[in-house]
Amino acid sequence: MPAAPSPPRVPCTFAGMVEGARLTMPLLPGTLVFAAAVGATSAEKGLTLGQAVFMSLSVYAGASQLLGLQLWPQVFSLSAIAAIVVVTMAVNLRFLLMGASLQPWLSRGPAGPVHVGLAALTDANFVVASRYHAQGGQDAGVFIGAGLFMWVIWTLATIPGHALGHLLTDPKRFAIDMVMPLTFTAMSVGLFRLRRDRLAWPVAAGVAVVTAQLAEGYWFIVTGALAGSLAAGVLRERA
């Protein structure tokens with residue numbers, strides 16, 4: 001039997017990167033405020049401006065950056081370092097699911113640029129790229145451009161946050177910690193096309209709430225994400 005034809009390659013253009021940056025514009029207000037909160041928390045913990053900016057540039061991990069800083073000890077020890085590593089790893093495990101969902105599309109693009117885009121994978125460019133692809137778009141440059149643009153904005157927004165210092169050191173006081181999750185949720189709604197998909201949301205929320213009551217730390221994020229993903233997969237298979 002003849003071999004099955006390989007799936008067509010997808011383009012990766014500069015125009016697509018510009019379009020990806022443009023599509024992130026609705027996310028900029030929340031990103032700027034959140035990044036400023038990270039910069040302010042860095043100042044509170046004693047990091048210099050250079051150290052804070054370098055952390056945002058090299059780590060670029062949003063919520064896990066903020067959580068890591070909240071666990072930042074006065075004196076470092078192996079146990080303190082291990083706690084930061086475990087918490088940030090738990091929060092960032094969701095990127096495994098995001099990357100897996102993008103694999104059928106991005107695996108057909110040029111490996112080098114796609115890997116650069118994956119290094120800048122966050123909730124924001126995941127949602128932007130997923131909505132673009134769900135609407136029939138194929139240019140991998142949209143994913144890459146959205147990620148790189150948000151990376152630059154995040155790093156630069158750390159600077160005024162560090163300068164503001166004490167004003168933003170408690171994100172929960174102004175509900176800053178909810179800005180990006182709520183934005184992400186609002187933008188994600190359009191990705192669920194089937195009625196059955198919507199059942200995955202209460203499944204994820206229910207598992208997360210139960211986990212938060214039973215286990216300390218941030219494992220509710222991981223269990224909720226896994227439960228929601230499995231539920232969506234099962235429901236789509238039945239549909």
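The values are calculated or read from the model by the stated rules, or taken from the named source; none is laboratory data. Computed from a predicted structure; not experimentally measured. Ideal geometry is used to build each Cβ from the backbone, glycine not excepted, and the neighbour counts take in all protein chains shown. Each accessible area value is taken on the protein alone, full model and side chains, heavy atoms only, with ligands, DNA and RNA left out. Shrake-Rupley method; radii C 1.70, N 1.55, O 1.52, S 1.80 Å.
So if I take the centroid of the Cα atoms in region 58-82 and the same for region 7-36, what is the distance between those two points in Å? Cα centroid to Cα centroid, the span is 28 Å.
Given a 1.4 angstrom probe, what's the average accessible area per residue across region 1-115, in square angstrom?
Details: 6190 Å² over 115 residues.
In whole numbers, region 1-115 has 54 Å² accessible per residue.
Sequence-ordered 3J(HN,Hα) estimates for region 35-51 from the Karplus curve with 6.51, -1.76 and 1.60 and θ = phi - 60° stand at 5, 5, 5, 5, x, 5, 5, 4, 5, 4, 7, x, 6, 6, 4, x, 5 Hz, glycine and proline given as x. Given axes a ≥ b ≥ c from the Cα gyration tensor, I'd like to know whether region 52-139 is rounded (a/c under 1.5), prolate (a/b larger than b/c) or oblate. Cα axes put region 52-139 in the prolate bin. At a 1.4 Å probe, what is the % contribution of carbon and sulfur to the accessible area of region 1-108? That fraction is 73 percent. For Phe149, neighbours were defined as the other residues whose beta-carbon sits under 13 Å from its Cβ, and their charges (Lys and Arg +1, Asp and Glu -1) total 0.
Peptides 86-99, 120-133 ranked from most to least packed by the mean count of surrounding Cβ atoms within 10 Å: 120-133, 86-99. When each of the peptides 60-72, 41-53, 203-215 is scored by the mean number of other C-beta atoms lying within 10 Å of its residues, the order from highest to lowest reads 60-72, 41-53, 203-215.
Between Ile81 and Val234, the distance separating the two model label sites (each 7 Å from Cα on the Cα→Cβ line) works out to 4.1 nm.
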